[in-house]
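The values are calculated or read from the model by the stated rules, or taken from the named source; none is laboratory data. A quick note: this is a predicted structure, and the numbers were derived from the prediction, not measured. Neighbour counts are summed over all protein chains in view; Cβ atoms, including those assigned to glycine, are modelled from backbone coordinates with ideal geometry.
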């Protein structure tokens with residue numbers, strides 16, 4: 001994976017495949033969900049499927065839609081905190097100030 005990342009970085013240092021925090025796959029801002037129960041939280045999304053496909057085309061392996069979605073959660077591209085979680089409101093506030 002490091003080799004594929006280095007190759008992509010050489011081709012385009014600001015590429016979203018290497019720096020997905022820029023949010024090309026979620027329209028430039030974090031995707032905000034309104035889940036009330038953990039059973040509602042998906043394991044994939046159309047955006048994670050697109051990210052997975054893009055990374056595979058660039059030489060990455062083991063990056064299916066579920067892995068891509070987990071990465072998107074960790075990178076802050078999606079807010080899957082339950083609306084009852086204290087972090088949910090904090091993230092909403094951060095996103096509002098960023099825009």
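In this structure, does residue 45 turn out to be modelled with pLDDT of 90 or more and in contact with a strand residue (DSSP E or B) (Cβ under 8 Å, 6 or more places away or on another chain)?
When the stated conditions are applied, residue 45 passes them.
Across region 1-33, what is the total count of residues that are more than 12 Å from residue 78 (Cβ to Cβ), part of a loop (DSSP other than H, G, I, E, B) and at pLDDT 65 or above?
1
In region 39-67, what residues are surrounded by fewer than 17 Cβ atoms within 10 Å (Cβ to Cβ), closer than 15 Å to residue 79 by Cα and in contact (Cβ under 8 Å) with a residue 12 or more places away in the chain?
Residues satisfying the conditions are 41, 42, 43, 44.
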